[in-house]
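Notes to accompany the following structure.
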Amino acid sequence: MNDVKTAETVLRVRDLAVEFSLRGSVARAVDGVGFEVRAGEIVGMVGESGSGKSVTMLALLGLVPRPGRVVAGSVRLRDIELGALSLRELARLRGRQMALIPSDAGAALNPVTRIGSQVGEGLAAHLPELPRAERPARILDILKRVGLPRPEQQVRRYPHELSGGMQQRVAVAMGVQLGPDLLIADEPTTALDVTIQAQILQLLLDVREQSGTSILFITHDMTTVAEICDRVLVMYAGQIVESGPVVDVCTAPAHPYTRALLDAIPPLGGDPPERLTTIPGAPPDPRAWPAGCRFAERCRLREQLGNPDKCTSLAPELASDGAGRRSRCHFTGSAAEAVVR
Amino acid sequence: MSGESLLSVRGLVKDFRERGFGPGRTAVRAVDDVSFDVYPGETLGLVGESGSGKTTIGRLIVRLEEPTAGRIELRGQDLRGLSGRRSLEFRRDVQMIFQNTQNAFNPRRTVRSVLSDPYQIHRLASGAELEERIGGLLRRVGLTTPMLDRYPQQFSGGQRQRLGIARALAVQPALVVADEPVSGLDVSVQAQVLNLFAELRRELGLAMLFISHDLRAVYFLCERIAVLYLGRLVEIGPRRTLLEDPVHPYTRALIGSIPAFRPGGGFTRTVIKGEISDSEPVKAGCHFAPRCARWRELGQPARCREERPLLRPAAGGGLAACHFAESSPRPLDGVAELAGGIG
Amino acid sequence: MKTQVAVLVTEPRPAARRRVPLLTTVGASLGLLVLLTIVIGPWLIGQDPYAIDIGNRFAGPGGAHWLGTDELGRDVASRIAYGARATALIAVGAVAIATAIAIPLGVLTGFLGGWVDLVVTRVVDLFFAIPSLLVAIGVIGLFGASVTTTVLALGLSYWPFYTRLIRSAVVGLRSRPNVDAARVLGASRLRVIRTEILTGLVPLVLVQTTVLLGFAILDEAALGFLGLGVQPPQASWGSRLAESREFILVHPELALVAGVPIVLAVFAMNLLSDSLRDRLDAKRTG
Ligand SMILES: Nc1ncnc2c1ncn2[C@@H]1O[C@H](COP(=O)(O)OP(=O)(O)OP(=O)(O)O)[C@@H](O)[C@H]1O
Ligand SMILES: Nc1ncnc2c1ncn2[C@@H]1O[C@H](COP(=O)(O)OP(=O)(O)OP(=O)(O)O)[C@@H](O)[C@H]1O
Ligand code: SF4
Ligand SMILES: [Mg+2]
Ligand SMILES: [Mg+2]
């Protein structure tokens, strides 16, 4: 993936912030998130439940649900500023330039519409110039491409007649049929068996290979990120706390949170340890983010450094090392050495 | 494994009739002639694809379902026809932890009320003693007593799973069936819950049937692992043997499809083509045949389609149900080499 | 795309406690008004609802007669207030009878399933096929019109659909994992019903009680209007309606005064049941 580094930028997100106002209190679920996705790149976004991954994704698509609101930031898809678009223009863009693969295709597909018609709806909406007569062939073609067995039969079926893996394939088909520049996949394999998971991941890799589609891959599984992503963004409490090439981040994490996430993966092979490494405590409340570092409460590094005041009084910046890695920790770099395993 | 088995399952069969009415309904064989043992203090892992019958086996063992055929024995005693007091005694011996943490609790009852159940049903404690034992139980699973007056939905996923564990442990069972107790939890929360399981097992000498499709969790917790495919047990053995030297082609494919976590190693998973639902299993033969790489390599021998493979001792101390177990080359580097398939 | 996104944010969010909605306040106030009428109305008005004063028929409101007098010179206000007592008694009695049949039967059939369910459900279906007014009229034809028979008639016409409702709720509750958990702990069927099923029915029963109270008030009025309910001169909202019917062309204000309390009470019950439903639903998902 060397060419990726020099490839043009497809998505550029700057200082994105999303707030949910609930009964007087305001929860800043996404707080100053910025990143880029280049052409043909697969970028992973990982983090604990509630860290703001899905809300970020919804904000990119212009679909933040009420009472949520994008309060700051800019999202540029190639040279279009999405914030400046009308709802209608945004809707046109979705599907054609930017598509979503949901985590639970079974729930996202319309239960009373046949598979063929559902895939066809996207074509009708976004490719009206395609003659009606050519649609069926096009639908079969895309379903064949995502590896759905016997597509001629499947198009006449309803979603519930398909297995979870097949439903997910249909969702991928709907996402990629118009050849979008960017595919956003929110936990596309979490609900699936490992064997089916492997099939879908292979499919995403194939799509990237064939069409050069960029993929933003949201998950909480570091092992999957390590396999298929080029770069990774680690989210914690509404912010990116670390980002960089997958291999670097996974082998030498710069941020203590990333380190902790990696340590919590149960090892496979050999004699299993007596106990697994865990992250104590729970993430802070989005309605009242702590003043200093949001991870301070749970941070092993801070403890090992003798609980310096700086961590709880001053919020660390997402500092760049100039070589494509960023980390939001006052003591970046100490993480790798200080944590003894 | 030696010594008396705690739980012994022999020839277990469970048929479900399809929903609907009339004679045209076909039966689904969810569990097809399964036999295994769980020894005291041991944790046996049960893995397999979705729909392979893991949950059904768990439910049969805790007697939430009646078997169509076969025997389940606890300490040598047949569970069929247990009645009245004996049945209540059995409930103290075998408990279950449920998969869906949200629905496993009545949203209208406080934690105190829910955790009183086991003590009241079995008349183990009441009054101040009850209060004290519930408090102790809660602390044991890492929660605090002020939480007693809250409702289950006011807890996080991980906390609720701890409540589920507490409820099951109240009667001090000898065997716990845990159905996907850590799926749907964050990695860090999952690690906490797995540690709790490991601790409890060490301290209480608990035996467990740990059902999961997360092979990492299973490998951490279970000394032995059993692999199911379409209702049949295809391989069972010590965890290291199973992981490093799997014999059955399905086990190999399954192990191969776990993400290896070798950053920079790229995507090296085995991708078995086709899905469980595609392969209409040949009743007489091996269920895995339509997707089996070894079967194709061997030139699609008729035996696989005609004769059901039985569990036989395999190298490494396990058992595997494959006609051609011996003819398999050892997989290189613990990673299965299979690919291809139907479709 | 819209439908896809709805399911993405699946984690249950802490439900924000909402302000009490306006309609709930209106419903509660109206309900309170009806309750006050029943409890202290007669005492407050201080008139005899049965005292006939032929010389003072169809008097307009004012003086001792707040709402005027009727065709026999009786005080309308106190007839409405005493009538509210009778109507409320009938409504509560009818709902109590329906509930007393529906809960045990619904729980039994829904929980046990099998042939018990099959047989009872068929019987319920049979009753269900008969229009409820017909059931009521049948009962009244059999026992004659009175407060007691009205209670019975209405109660008996409500139970079939209520039983069905309870049964299907129980079928849903029965297959929840918390029921399995109780069974694995060794809970007897009775205990499971008590701790897992009945608690789960509370919201449904609360909502249905308010809905049925509204129905019963309306149906009592309808029966009274048809002359099949509480018989004049005994005061009830239904009989008041029947009495005013004869003079509807000359003195429509009497019918109006008879009708307004019914409308308000039914409206109150509907508002209350709606807000109860919203509130309990929010709690369940919260
Ligand atoms: N509709 C909503 N109303 C109120 N708060 C919301 C809503 N949607 C999200 N939030 C809040 O935004 C924060 C981020 O949630 P988000 O769904 O993005 O997390 P996530 O990282 O996708 O987690 P998961 O791994 O569980 O999917 C959470 O604190 C959540 O409570
Ligand atoms: N009550 C039931 N009625 C009919 N069929 C059932 C019933 N319960 C399970 N089955 C069927 O039995 C088979 C095994 O199901 P089971 O739930 O045991 O699988 P599982 O291995 O636990 O799968 P998962 O990983 O998805 O939980 C499936 O084909 C399922 O459809
Ligand atoms: S800033 Fe301090 S508390 Fe935050 S991650 Fe770094 S060391 Fe830990
Ligand atoms: Mg999410
Ligand atoms: Mg299951």
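The values are calculated or read from the model by the stated rules, or taken from the named source; none is laboratory data. Here the structure is a predicted model, which means the values were calculated and not measured. Note: ideal-geometry Cβ built from the backbone for every residue, glycine included; neighbour counts use all protein chains shown. In case anyone asks, the SASA skips ligands and DNA or RNA and just uses the protein heavy atoms, side chains included. Shrake-Rupley method; radii C 1.70, N 1.55, O 1.52, S 1.80 Å.
The listed residues are A:ARG92, A:ARG150, and the only one of them that is of a type outside the set (S, T, N, Q), over 30 Å from A:ASP79 (Cβ atoms) and open to solvent by 30 Å² or more (accessible area, probe 1.4 Å) turns out to be A:ARG150. The residue that is nearest to the chain's Cα centre (by Cα), among those in the range C:190-245 that are among the hydroxyl-bearing types (Ser, Thr, Tyr) and within 14 Å of chain B (Cβ to nearest Cβ), is C:THR199. Just give me the residues in the range A:12-60 being within 16 Å of ligand 4 (Cβ to nearest atom) and open to solvent by 30 Å² or more (accessible area, probe 1.4 Å), in sequence order. Once the filter is applied, which keeps residues that are within 16 Å of ligand 4 (Cβ to nearest atom) and open to solvent by 30 Å² or more (accessible area, probe 1.4 Å), the range A:12-60 yields A:PHE20, A:SER49, A:GLY50, A:SER54.
Checked against the criterion of being open to solvent by less than 20 Å² (accessible area, probe 1.4 Å), within 14 Å of chain B (Cβ to nearest Cβ) and hydroxyl-bearing (Ser, Thr, Tyr), the candidates A:THR213, A:THR189 yield just one match: A:THR189. When each of B:ARG108, B:ARG139, B:ARG160 is tested for being in a loop (DSSP other than H, G, I, E, B), more than 16 Å from ligand 5 (Cβ to nearest atom) and in contact with a helix residue (DSSP H, G or I) (Cβ under 8 Å, 6 or more places away or on another chain), the lone residue that passes is B:ARG108.
Restricting attention to the range A:95-129 and to residues that are more than 11 Å from chain C (Cβ to nearest Cβ) and touching a Lys or Arg at 6+ places or on another chain (Cβ under 7 Å), the residue that is most open to solvent (accessible area, probe 1.4 Å) turns out to be A:ARG114. When A:PRO245, A:PRO284, A:PRO280 are screened for being within 14 Å of chain B (Cβ to nearest Cβ), open to solvent by less than 40 Å² (accessible area, probe 1.4 Å) and within 26 Å of B:VAL193 (Cα to Cα), only A:PRO284 passes.
Which ones in the range A:174-188 are under 18 Å from the mean Cα position of the chain (by Cα) and either among the acidic types (Asp, Glu) or not in a helix (DSSP H, G or I) (or both)? Answer for the range A:174-188, where residues must be under 18 Å from the mean Cα position of the chain (by Cα) and either among the acidic types (Asp, Glu) or not in a helix (DSSP H, G or I) (or both): A:PRO180, A:ASP181, A:LEU182, A:LEU183, A:ILE184, A:ALA185, A:ASP186, A:GLU187, A:PRO188. Residues in the range B:14-46 that are among the hydrophobic types (A, V, I, L, M, F, W, C) and at pLDDT below 95 were compared, and the one that is farthest from ligand 3 (Cβ to nearest atom) is B:PHE21. Please tell me if C:THR148 is among the hydroxyl-bearing types (Ser, Thr, Tyr), surrounded by fewer than 19 Cβ atoms within 10 Å (Cβ to Cβ) and assigned to a helix (DSSP H, G or I). Yes; evaluated as a whole, the condition is true for this residue.
Cβ-Cβ distances below 9 Å connect the following pairs, each with a first residue in the range B:166-191 that is free of Cβ contacts under 8 Å to residues at least 12 places away in the same chain and within 9 Å of another protein chain (Cβ to nearest Cβ), a second residue that is among the small types (Gly, Ala, Ser) and more than 13 Å from ligand 2 (Cβ to nearest atom), and a separation of six or more residues or different chains: B:VAL187/A:ALA264; B:SER188/A:ALA260; B:SER188/A:ALA264; B:SER188/B:GLY158; B:ALA191/A:ALA264.
Just one of the listed residues (C:LEU201, C:LEU206) is open to solvent by less than 30 Å² (accessible area, probe 1.4 Å) and part of a helix (DSSP H, G or I), and it is C:LEU201.
Looking at the range C:162-173, is at least one residue over 21 Å from the mean Cα position of the chain (by Cα) and in a loop (DSSP other than H, G, I, E, B)? The answer is no, given that none of the residues of the range C:162-173 is over 21 Å from the mean Cα position of the chain (by Cα) and in a loop (DSSP other than H, G, I, E, B).
Screening B:SER156, B:SER183 for residues that are open to solvent by 10 Å² or more (accessible area, probe 1.4 Å) and within 16 Å of ligand 2 (Cβ to nearest atom) leaves exactly one candidate, B:SER183. Report yes if B:GLN99 is open to solvent by 10 Å² or more (accessible area, probe 1.4 Å) and over 19 Å from the mean Cα position of the chain (by Cα), otherwise no. The answer is no for B:GLN99.
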